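A short worksheet on the structure shown next.
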Amino acid sequence: TAAAAFPAGEGLDERGRAWAAQARVPRADRVVRGPEPACAQTCAALGIEAAADPALAGWDLGGWAGARLDDLARERPDDVAAWLADPDAAPHGGEPLRALLARAGAWLAALPDGHTLAVCDTALARAAVVGLLGAPPAAFWRIDAGPLTATDLRGGPARWTVRGMGLPLR
């Protein structure tokens, strides 16, 4: 996030490692993580073991990975406008927003009882909140969550509630 660019599979930077070293880990019956290096490195810095779950992969933004949104908006304004307005658009060649929302919802629906801690990209956490609130896809663009923050969801399938989002772990 320091580069204000879309993720491109990079690991944690010095700032991320320092933040993770100061974090408090919530209790959990099971811990899972996205397959990206940053998720694995975050778990290591937190001192927790977690199985990689492909369903928790970050948002696939195809050819836009590593690019800055400001640059794309200047170079490809029509593509960016379509992407922001149409949840089925994928001018980047990756995953459309509607597919991300569906993936997050399916992951939540399949969770077993108990407390699960998921270390994942913030886009997936935002998508989960949009889905469980039954909000329209456009709501995704109105939710923000920073790195190394918690999104606290309670309940279970058909009865989820959002207890908090963007909660600092440090």
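The values are calculated or read from the model by the stated rules, or taken from the named source; none is laboratory data. Quick caveat, the model's predicted, so the values are computed rather than measured. Don't worry about glycine lacking a Cβ; one is built from the backbone with ideal geometry, like all the others, and counts go over all protein chains shown. Ligands, DNA and RNA are excluded from the accessible area calculation, which covers all protein heavy atoms including side chains. Shrake-Rupley method; radii C 1.70, N 1.55, O 1.52, S 1.80 Å.
Regarding segment 44-97, what is the average projected area of its C-alpha convex hull, in nm²? Intermediate results must be reported in sequence, preceding the final value.
Values: hull surface 20.3 nm².
In nm², the orientation-averaged hull projection of segment 44-97 is 5.1.
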Inter-probe distance in nm under a simple model that places probes 7 Å from Cα toward Cβ, at ARG27 and THR161:
1.9 nm
Note on segment 1-79: alpha-carbon gyration tensor, axes a ≥ b ≥ c; rule is a/c under 1.5 for rounded, else prolate if a/b larger than b/c, else oblate; result prolate
Kindly provide log₁₀ I(q)/I(0) values, in the same order as q = 0.08, 0.09, 0.20 Å⁻¹, from the Debye equation applied to equal alpha-carbon scatterers of the chain.
-0.24, -0.30, -1.48
Kyte-Doolittle mean at least -0.5 and Cα axial length at least 15 Å: DSSP H helices in the chain
97-109, 122-133
Ranked highest first by average number of other Cβ atoms within 10 Å, how do 97-109, 146-158, 117-129 line up?
117-129, 97-109, 146-158
Per DSSP H run of at least 4 residues, take -39500 (n - 2.57); add these up for the chain, divide by its residues and hand me the 222 nm value, nearest 500 deg cm²/dmol.
-10000 deg cm²/dmol
Rounded percent of accessible protein surface that carbon and sulfur make up, the chain, 1.4 Å probe:
54 percent
So what's the net charge close to LEU111: Lys and Arg +1, Asp and Glu -1, counting the other residues with Cβ under 15 Å from its Cβ?
+1
Provide the gained length on full extension for the span THR116 to GLU10, in nm with one decimal, where the gain is 0.36 nm per separating residue minus the Cα-Cα distance.
35.7 nm
Mean separation of Cα pairs under 8 Å and 6+ residues apart, divided by the residue count of the chain: what relative contact order is that in percent?
24 percent
Please compute the per residue accessible area over the chain with all protein chains in place, 1.4 Å probe, rounded to a whole number of Å².
54 Å²
